[in-house]
Structures are given as structure tokens and as C-alpha cells.
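Shown next, in C-alpha cells, is the structure this report addresses.
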Amino acid sequence: MFERIINSLRKRSESKFDPSVFNDPAALKTEWSPLARGGANFKTHKLVQVYAGRYEFRPGLFMLLFASVFAMFGIGFASVSSFVILSSEKTPVYAVSAAMTGFGLLFALIGILIYRFASVPRVFDKDSGYYWKGRKEPELLRQSDNKNCVRLIDIAGVQIVSEYVRNSKSSYTSYELNLILKDGKRLNVTDHGNYEAIVKDAETIGQFLNVPVWNAAGR
């Protein structure tokens, strides 16, 4: 019951935002509710200028540490368990150690997957004239996945929206940085809990692309 009330209040707060305050027709074409549900309560990515005509979002320090903790714990746990297996001739100990080794390897795999997902390139490149998210070259993405690849000239603005996230263990606000296209469609770039960083990165991208920044999460 309490969860339903929270969700209802959240949806109402999201729907009350009036994009006409930006005085831009493109802002009226798009949605102002969260695009990527969930998010994080810490800064997951940082914006890096590779050279004058290229910016990339890369995993932040905390994200790297977060993934490393999983991977190193899992590797260490599996190593100790493997040592017990090799040094013991007792079947019960062998079976328990084998299970613990598998548990450690699972943790290591989770850490690797967290980093691999976080390190997917998010690139703004004026030389190619495209923004893309993915490990493929933009030429290949244009042919197979227009949801993660768009021409820079088709971007009408940069959007910031917020989402209140609540689960059984914690609650926090996560902020989305989305690209608004001229036809009103949206592409999510990053989503994390550091408001000041999101605003700074959005302003940098806005200046780089010469498009407005529409902040619906101002506080």
C-alpha cells in the first residue's frame, strides 16, 4: 500500500512539469518523465574531452571501484577455495570448497560484467557527425541500431529529468541526461545521482553542439 502511494505521488510530480517554460517548440514534442528507470545514487560516468571535436562519457572512479570490489573479492575467494581443494583429500571439504570456488567466480563475473556494461562508449564526434552508444563503429550502428546512433544535427536539445528511486534498502534521486531529437524522440546518455555533475556535463554538451539545455530537475 505504501509503495503504491509513493509511486502515485512520483507519477503525479512527473506529469506536472510544463515544458512551455523553455519557449521552444521542440521541448513541447517530447516526454518529460524518466526515460531510463532506476539509475544510481552515485556518479557513474564522467565526461571527457578527447580532442576539440570529440567528447566521451567514461566510467567514473566510483564505478571502477565498485566493479573492482566485486571482481577482486570473487577472485580472492575463489583462489583461497581452490587452494583448499588442492590441499585436502577429504570429500566433504572438497565439495564445500568447490561450491565456494564457484561462488567466488560468480562474484568475479558480476564485477567484470558491471565494468563491461559501464564502459560501453558514449561518444559525441564532430568528425563523423554522430553521437553513438556502443562498441561498434558508427557506420555499422547506423545500419543496425538507430536507437543508439544519431546525427548531431538532428539533436534539438539536452534534457535533464529526475527520478525518485526507492527500494527495500534505500531511497535516492537519480538524474538523467537525455538527448532530445528534432522529432521529439529521446536518447538516454547517462543516469546517476550527482546533480551538479549532470548539470555541468549537460551544459558542456549543449555548448559543444550549440543546442539548449532543458533542466526539468532544477533545485
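Is at least one residue of region 201-215 in contact with an Asp or Glu (Cβ under 8 Å, 6 or more places away or on another chain), within 16 Å of A36 (Cα to Cα), in contact (Cβ under 8 Å) with a residue 40 or more places away in the chain and not in a helix (DSSP H, G or I)?
No, every residue in region 201-215 fails to be in contact with an Asp or Glu (Cβ under 8 Å, 6 or more places away or on another chain), within 16 Å of A36 (Cα to Cα), in contact (Cβ under 8 Å) with a residue 40 or more places away in the chain and not in a helix (DSSP H, G or I).
Scanning region 80-129 for residues that are under 30 Å from V189 (Cβ atoms) and at pLDDT 70 or above yields a total of 22. Just one of (1) at pLDDT 95 or above; (2) surrounded by 14 or more Cβ atoms within 10 Å (Cβ to Cβ); (3) not hydroxyl-bearing (S, T, Y) fails for Q207. It is (2).
The values are calculated or read from the model by the stated rules, or taken from the named source; none is laboratory data. For clarity, every value in this text was computed on a predicted model and none was experimentally measured. Every residue, glycine as well, gets a Cβ built from its backbone with ideal geometry; the counts of neighbours run over all protein chains shown.
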